[in-house]
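The values are calculated or read from the model by the stated rules, or taken from the named source; none is laboratory data. What you see is a predicted model, and the numbers here were worked out from it, not measured in a lab. Please note: Cβ atoms are built from the backbone with ideal geometry, for glycine as well, and neighbour counts cover all protein chains shown. Accessible surface areas use protein heavy atoms only, side chains included; no ligands, DNA or RNA. Shrake-Rupley method; radii C 1.70, N 1.55, O 1.52, S 1.80 Å.
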Amino acid sequence: AQADVEAGRCEQAQARLAEVAGLENRARLLGGQCLIRAGRYPEALSNLDRARGARDLSGSQVGDVELYRGVALYHLERYAEATTALTAAEGLTSEPAELALYRGLIAPRAGDSERAAPDLEAAALLSPALTEPVASYYAGLAWQGAADRDKARVAFERVIAIDGEDGAWGRQARTLLGSTDPHPYYVRGSLGVE
C-alpha cells in the first residue's frame with residue numbers, strides 16, 4: 001500500500017488496505033494522505049472525514065487524521081476550520097514538523113506574524129527534509145511582518161544555503177534579503193559619494 005502511495009496510486013493503496021478487516025479507517029487515512037500529495041484536496045477531505053473519530057485508530061493516527069484534514073482545509077482556503085483541525089492534532093500526530101509548518105502558514109492570514117515565525121522555525125528544525133526551504137522562506141516573511149529584520153535575514157540566508165542562488169526559493173529569498181538590510185543600497189551609495 002505504501003508503494004502505491006509513493007507511486008501516486010491512491011485508490012489502489014486504499015483498496016489494498018480496505019480489504020483487511022480492521023484496517024478500513026487506516027486505509028482512509030493513507031488514501032487521504034496520498035490524495036493530498038496529488039493535490040486532490042476535496043477527495044482527501046472526504047476520506048479523512050470518514051475516518052475521523054474512528055475507534056480502530058491509534059492515538060497518533062487520530063492525530064494524523066486531524067493534521068491531514070487541516071492540510072486539506074488549508075489548501076481549500078478554509079482557514080478557520082483548518083486551524084480547528086490542527087489544534088485537535090496537537091500532542092497526538094506523528095508528524096509534529098508538518099503540524100508546525102501549517103500552523104505557521106495559517107497564522108499570518110490572521111495577522112499574527114509573531115506567532116507564525118516560531119512555528120515555521122520549529123518546522124525547519126524538526127524535519128528539514130520535509131519542510132525546507134519552504135519553512136525558512138515563510139519564517140523570513142513572518143519575521144519581516146513582526147519587524148525583526150535580523151531574524152528575517154537569517155531565515156532568508158538559510159533558504160539560499162539550502163536552495164542555492166538559482167533555485168526558485170533561493171532567488172525569491174535573495175530578493176527579499178535586500179529588504180532586510182538595515183542600510184539599503186541608496187543609503188550606502190550616498191555615503192560613498194559624500
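List the pairs whose first member sits in the range 144-167 and is touching a residue at least 24 places away in the same chain (Cβ under 8 Å) and aliphatic (A, V, I, L, M), whose second member is buried (at least 17 other Cβ atoms within 10 Å of the Cβ) and in a loop (DSSP other than H, G, I, E, B), and whose Cβ atoms are under 7 Å apart, counting only residues at least 6 apart or on separate chains?
Filtered contacts from the range 144-167: 152/180; 159/133; 162/132; 162/133.
Condition check ((1) surrounded by fewer than 19 Cβ atoms within 10 Å (Cβ to Cβ); (2) touching a Phe, Trp or Tyr at 6+ places or on another chain (Cβ under 6 Å); (3) at pLDDT 95 or above; (4) assigned to a loop (DSSP other than H, G, I, E, B)) across all residues:
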{"site": "8", "(1), (2), (3), (4)": "yes, no, no, yes"}
{"site": "15", "(1), (2), (3), (4)": "yes, no, no, no"}
{"site": "28", "(1), (2), (3), (4)": "no, no, no, no"}
{"site": "67", "(1), (2), (3), (4)": "no, no, yes, no"}
{"site": "74", "(1), (2), (3), (4)": "no, yes, yes, no"}
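Among (1) modelled with pLDDT of 95 or more; (2) among the hydrophobic types (A, V, I, L, M, F, W, C); (3) open to solvent by 50 Å² or more (accessible area, probe 1.4 Å), where does residue 48 come up short?
(3)
Do you know which residues across the range 94-107 are within 28 Å of residue 18 (Cα to Cα) and in contact with a Phe, Trp or Tyr (Cβ under 9 Å, 6 or more places away or on another chain)?
95, 98
What about residue 86, is it crowded, with 17+ Cβ neighbours inside 10 Å, touching a residue at least 24 places away in the same chain (Cβ under 8 Å) and part of a helix (DSSP H, G or I)?
Criteria not met by residue 86.
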